[in-house]
Structures are given as structure tokens and as C-alpha cells.
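Asker: Quick one: the structure is below, and I'll ask about it shortly.
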Ligand code: CAA
């Protein structure tokens, strides 16, 4: 079920990078995916390997040691990695879409020179810390507080749900810089580049998760953490806007991830339906199975069409807030539906760990939750309907 080149045209370079990602994943990831999932193991050597291949600097300009590629090329590579292992994919997605883009888009030249080259090479993994225990969807209600102290900032608070926060060397943290007696809501938040050697930084609880188990998700604690003034990114008070704009792009990454999961599940189901015989014939001869496979292929094609079109619009400089949310919503619901149906086609074998579809099902669920729940995506889409009219 390879995407038709006529309907989803890729350039020579995009096809080449897609092939490279596929070969890399087949050699370095797929043989270990099931084991890493079973052990909830994050493989740290993959960071350097992905970096050496250029996969951690895909959107970083060449002057900062990145590949300087366009959004679609990046998403095609990401989707490919995610068909093999969505946990590795989320590392690639978060790093490329959020922290590196925030430094690139809003950081000073000195910050770009200092942080982007090692991030592009895979020497420093980037993370994103917006959510807190009591502020998830209501992101601007965050309470982590930064207080100025001479040239430095003293930051106190905790961040929740930080993807690969255990291994990150540059964490883009949103914290309040307004004061308790003059709260400014979403305009009272600023962005800082935090690194683990700062005094007062510690890694807290590691979550035990349903899926995406090879990607550690942790709480980060800041106990009067002293942060040099040159770690603030962009303008004071603009941190929430920066986070929202970056999530517009991040959501395309999660859509590519969900598309990869859905594609892997559909392909596993297609093959299984060919091999598995019941009532004297392969189960693909039954319409009940054919209809599921047909619906999977149709939903995946529609999702891919929207994602590729949105990536091209982004590259052309258009605002993609609404379509980014549509991509994530459609892709994550396609992944959840497709993996559910794939398990149904596998029957009992879909429910056990011998085949990959139960892992794909578990991995799919979080794509409806992180980087904004499906409900938040619907809020964003609906708001834009009115703002555009
Ligand atoms: N681009 C630019 N500006 C934006 C924007 C966007 N996409 N979205 C909002 N803004 C601006 C608004 O225009 C507004 O500015 P003004 O006051 O000047 O008009 C300001 O930001 C505040 O916006 P809202 O009033 O819309 O804010 P809100 O409090 O109503 O929240 C929300 C809106 C869409 C629900 C938002 O809070 C949201 O997206 N929540 C979900 C957060 C999320 O995705 N978290 C995931 C964290 S990452 C993660 O999952 C873990 C990981 O490691 C990957």
C-alpha cells in the first residue's frame, strides 16, 4: 500500500531521504522495537545515530550544521521512522519541531550559534516544557515562576509530561515572569533555555505509560534554579505566543507520527488477511475484512493528502494554525481507528504481543492527547472558522 507517486508527488531529494530513513530504521530500530517497548527502554545511542544521519537537524539551516530542509521533507522522513517505531519518532518530532524551532525563530544570534549546531548533530537533545500537573489543556494557567535577580532569573516550579526530559540537554521552558500582584495572563509568560547542570534542576517522576513506552516522559523540578539572563528566548512576556506558534508546527509532526502508526497497522492487517485462512480461504476473501482494509486505505490517503498540502502551505509561508490542528485531529483519529480495526482483523492474535498491532494501538492513543488533545484541536479549528469569516 505504498502511496501513489502521482497523487502524492515527492521530489527526487524527498524520495531519497524517505528511502534513507526506511533503511536506517530497518537496520537500527525495527529489530529492537518490541524489546524496547517491553522494557520501557529509551536507547540513548540513537540520539547520536539520528544526529549523524542529519535527522535531528532537518529544519535547522546549514549555517548551524543542519540540513536546512523544507517542512514536507522532514515530515516524510518522520512518518517513515514512525512506521517502524513511534517512540523513536516522538523524539525526532519534539526535537525538530519545538525546541530547535523556538531557538531558530525567536532566539538571539548568540543563542543560535551556541545551541543549534550541537542540537543538529545530535550532541544535545532538545525538549519542550509547557504543561504542568494542574495546567494541561489550559496551558496559560501555568504557575512555574521566574523572578529576576540581578542579571539572572530564579525559577521555581515543576513541569509535567516532558518527553525525553531524562536525556535532554536543552529544555525550552515556559515560566511566568509577571508578578503575583500584577498578573498578565498569557502575556505574563516567557521562554527560557534550561539545561540540567543548572543548580536547582532535578528530574522527578517517570511516568509508567500505556504506550510509547520507549520514550521516557517525566516531571522536571526547578528548586530556585538560577538561570543566566542570556537564557531567555526572545521578548519577555511572549513565551505563550511562541509556544502556541511552535505547537502549530509540532502538531504536523504528531500528525506524521500518527500517519506512520496507521500505515504500519494497515499494512500489518493487509498481510495478515492474506496469510490467515478460516473457513477454507484467506480471510481477505471476506467482505467484512475487505471493507475494513478499504476504509483504512481511504482514511490514510485522506490524512496524507491533508498533511502534505498543509506542509506545502507552511513552506509557502501561510498561517497553518487551523490546518495544523486539522492534520493532527484527522491523523490521530485515523491512527486510533485503524489500529483498533487492525486488532479486530487479527482477532486473538491482535490482542497478544506476538504481533505488533497491540503496540501500535497503545502507541496511537497518545496522539489524540499530547501536543493538544483532540478537543483542543477542535477548539482551535472552530475558533479559526469564526476569525476567518
Ligand atoms: N499562534 C499565535 N498566537 C496564538 C496562537 C497561535 N497558534 N494561539 C493562541 N495565540 C495567542 C492568541 O491570539 C492570544 O493573543 P492575544 O491575547 O493577543 O489575542 C494569546 O495567544 C492567548 O490565546 P488564547 O486566548 O486563545 O488562549 P487560551 O488560554 O484560550 O488557550 C488553547 C487556547 C488553544 C486551549 C491553548 O491553551 C492550547 O493550545 N492548549 C493545549 C496546549 C498543548 O498543546 N499542550 C501540549 C504540550 S506539549 C506535550 O504534549 C508534551 C511534549 O513533550 C510533546
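Taken together, the values in this text are just the output of simple stated rules run on the coordinates, not laboratory data. Since we're looking at a predicted model, the values are computed, not measured. Glycine also receives a Cβ, built like all others from the backbone with ideal geometry; neighbour counts cover every protein chain displayed.
Asker: Can you pull the one-decimal nm distance between simple spin-label points at residue 318 and residue 32, each 7 Å off the Cα toward Cβ?
Answerer: That separation, rounded to one decimal, is 4.0 nm.
Asker: Determine, for 226, 251, the number of other Cβ atoms within 10 Å of each Cβ, and report the residues in order from fewest to most.
Answerer: Ranked by crowding around the Cβ, least crowded first: 226, 251.
Asker: Can you tell me the equivalent ellipsoid semi-axes for segment 12-120? Use √(5λ) from the Cα gyration tensor, largest first, whole Å.
Answerer: 24, 16, 11
Asker: Here is a further query. Volume per residue, Å³, of the convex hull around the alpha-carbon atoms of segment 241-388?
Answerer: 105 Å³
Asker: Taking only the alpha-carbon atoms of the chain, what semi-axes of the equivalent ellipsoid follow from 5 times the gyration tensor eigenvalues under a square root, in whole Å, largest first?
Answerer: Result for the chain: semi-axes of 37, 21, 21 Å.
Asker: On a full-extension model of 0.36 nm per residue, what is the gain between residue 375 and residue 230, subtracting their alpha-carbon distance, rounded to one decimal in nm?
Answerer: 48.5 nm is the gain from fully extending residue 375 to residue 230.
Asker: Taking a label point 7 Å from the Cα of residue 182 along the Cα→Cβ vector, which residues of segment 133-167 have an amide N closer than 17 Å to it?
Answerer: 146-150
Asker: Another question, then. Calculate how steeply helix 374-388 sits against the longest principal axis of the alpha-carbon atoms of the chain, using the helix alpha-carbon long axis, and give the answer as 0 to 90 degrees to the nearest 10.
Answerer: 70 degrees
Asker: Averaging sequence separations of C-alpha pairs under 8 Å and six or more residues apart, then dividing by the length of segment 241-388, give the relative contact order as a whole percent.
Answerer: Relative CO of segment 241-388 lands at 34 percent.
Asker: Here's another thing I want to ask about it. When the distances between all Cα atoms of segment 312-389 are binned every 5 Å from zero, what whole-number percent does each bin get?
Answerer: Computed distribution, short to long bins: 3, 16, 19, 16, 15, 11, 9, 6, 4, 1, 0.
Asker: Now, a different point. To the nearest 10 degrees, how steep is helix 71-84 against the longest Cα principal axis of the chain, on a 0 to 90 scale?
Answerer: 60 degrees
Asker: Right, next: Please work out the Kirkwood hydrodynamic radius for segment 199-299, using every pair of different C-alpha atoms, and report it in angstroms with one decimal place.
Answerer: 18.6 Å is the Kirkwood radius here.
Asker: Another question, if that's okay. Can you quote the Å³ per residue value for the convex hull of the Cα atoms in segment 126-237, rounded to an integer?
Answerer: 99 Å³
Asker: Continuing with this model, one more query. Grab the eigenvalues of the alpha-carbon gyration tensor for segment 2-70, scale each by 5, take roots, and send me the semi-axes largest first in whole angstrom.
Answerer: Ellipsoid semi-axes (Å, largest first): 25, 19, 9.
Asker: Per the Kirkwood treatment, what hydrodynamic radius in Å, one decimal, follows for segment 48-108 from the mean inverse distance over all distinct Cα pairs?
Answerer: 11.6 Å
Asker: With a 10 Å radius around each residue's Cβ, average the other Cβ atoms per peptide and rank 232-243, 269-280, highest first.
Answerer: The packing order, highest mean first, is 232-243, 269-280.
Asker: If we sort 206-216, 67-77, 255-265, 20-30 on the protection proxy, mean other Cβ atoms within 10 Å, highest first, what's the order?
Answerer: 255-265, 67-77, 206-216, 20-30
Asker: Below 8 Å, C-alpha to C-alpha, sequence gap of six or more: please give me the relative contact order for segment 46-117 in percent.
Answerer: Dividing the mean separation by the residue count of segment 46-117 yields 28 percent.
Asker: Which percentage, to the nearest 5, of the DSSP beta bridges contained in the chain is antiparallel?
Answerer: 85 percent
Asker: Next question, about the same structure. Rank by packing, highest mean first: peptides 198-205, 333-340, with packing defined as the count of other Cβ atoms within 10 Å averaged across residues.
Answerer: 333-340, 198-205
Asker: Helix 239-275 sits at what angle to the longest principal axis of the chain, using alpha carbons and giving 0 to 90 degrees rounded to 10?
Answerer: Computed tilt is about 20 degrees.
Asker: Taking only Cα atoms and a 10 Å spring cutoff, compute GNM fluctuations for the chain and point out the largest among 41, 249, 95.
Answerer: Checking each option, the largest mean-square fluctuation is seen for 41.
Asker: Given a cut-off of under 8 Å on Cα pairs at least six residues apart, what relative contact order in percent is computed for the chain?
Answerer: 17 percent
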